[in-house]
Amino acid sequence: MQLFALINNAMKVDSKSREMWETSMEGLKSLIRRTTPSSFAYICEKNGRFLSDKMDELACFAPGMLALASYDYGPGEAEKYLSLAEEVLIED
């Protein structure tokens with residue numbers, strides 16, 4: 001996924017890579033949960049068929065990946081990816 005995001009602006013990527021990227025992004029979006037009442041967004045872990053309400057330590061890279069992805073979309077879709085990146089960004 002990161003390779004697609006990094007090279008996409010430099011050269012045309014084949015349709016299979018783009019399809020894999022889109023499938024991965026849909027999967028990622030399905031793992032986003034929000035806490036109540038604060039509506040804090042996080043990416044939960046998936047273990048087989050089960051979702052665990054904790055965020056893996058490597059999920060910290062997801063906001064950057066989403067922000068990079070936004071460069072390849074039109075204004076409407078780009079804003080969705082940037083907004084999602086901001087939501088899951090964890091700040092101390």
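The values are calculated or read from the model by the stated rules, or taken from the named source; none is laboratory data. Bear in mind that the values here come from a model prediction, so they are computed numbers and not experimental data. Positions of Cβ are generated from backbone atoms using ideal geometry, with glycine treated the same way; all protein chains shown enter the neighbour counts. Note: areas computed on protein heavy atoms with side chains; ligands, DNA, RNA excluded. Shrake-Rupley method; radii C 1.70, N 1.55, O 1.52, S 1.80 Å.
For the range 18-25, check the following and say yes or no: at least one residue is surrounded by 10 or more Cβ atoms within 10 Å (Cβ to Cβ), in contact with a strand residue (DSSP E or B) (Cβ under 9 Å, 6 or more places away or on another chain) and basic (Lys, Arg). Before the answer, list the steps.
Let us first name the residues in the range 18-25 that are surrounded by 10 or more Cβ atoms within 10 Å (Cβ to Cβ), namely 18-25.
Filter once more, keeping what is in contact with a strand residue (DSSP E or B) (Cβ under 9 Å, 6 or more places away or on another chain): none.
No, that holds for no residue.
What residue, among those in the range 42-70 that are of a type in the set (A, V, I, L, M) and under 12 Å from the mean Cα position of the chain (by Cα), is farthest from Lys80 (Cα to Cα)?
From the range 42-70, those of a type in the set (A, V, I, L, M) are 43, 51, 55, 58-59, 62, 65-69; that's our starting set.
Filter once more, keeping what is under 12 Å from the mean Cα position of the chain (by Cα): 43, 59, 62, 65-69.
Details: Ile43: 16, Ala59: 18, Ala62: 14, Met65: 13, Leu66: 9, Ala67: 10, Leu68: 12, Ala69: 10 Å.
Only one residue tops the list, namely Ala59.
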> Would you pick out the residues in the range 28-39 that are open to solvent by 30 Å² or more (accessible area, probe 1.4 Å) and modelled with pLDDT of 80 or more?
Replying inline: Lys29, Ser30, Leu31, Arg33, Arg34
>> I'm trying to understand the selection: among the residues of the range 72-92, which are surrounded by fewer than 13 Cβ atoms within 10 Å (Cβ to Cβ) and at pLDDT below 80?
In response: Ile90, Glu91, Asp92
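Specify the residue that is least open to solvent (accessible area, probe 1.4 Å); the eligible residues are those in the range 41-53 that are in a loop (DSSP other than H, G, I, E, B) and touching a residue at least 12 places away in the same chain (Cβ under 8 Å).
Step one: of the range 41-53, the residues in a loop (DSSP other than H, G, I, E, B) are 44, 48-49, 53.
When the remaining residues are screened for being touching a residue at least 12 places away in the same chain (Cβ under 8 Å), the result is 44, 53.
On the way: Cys44: 5, Asp53: 122 Å².
The residue in question is Cys44.
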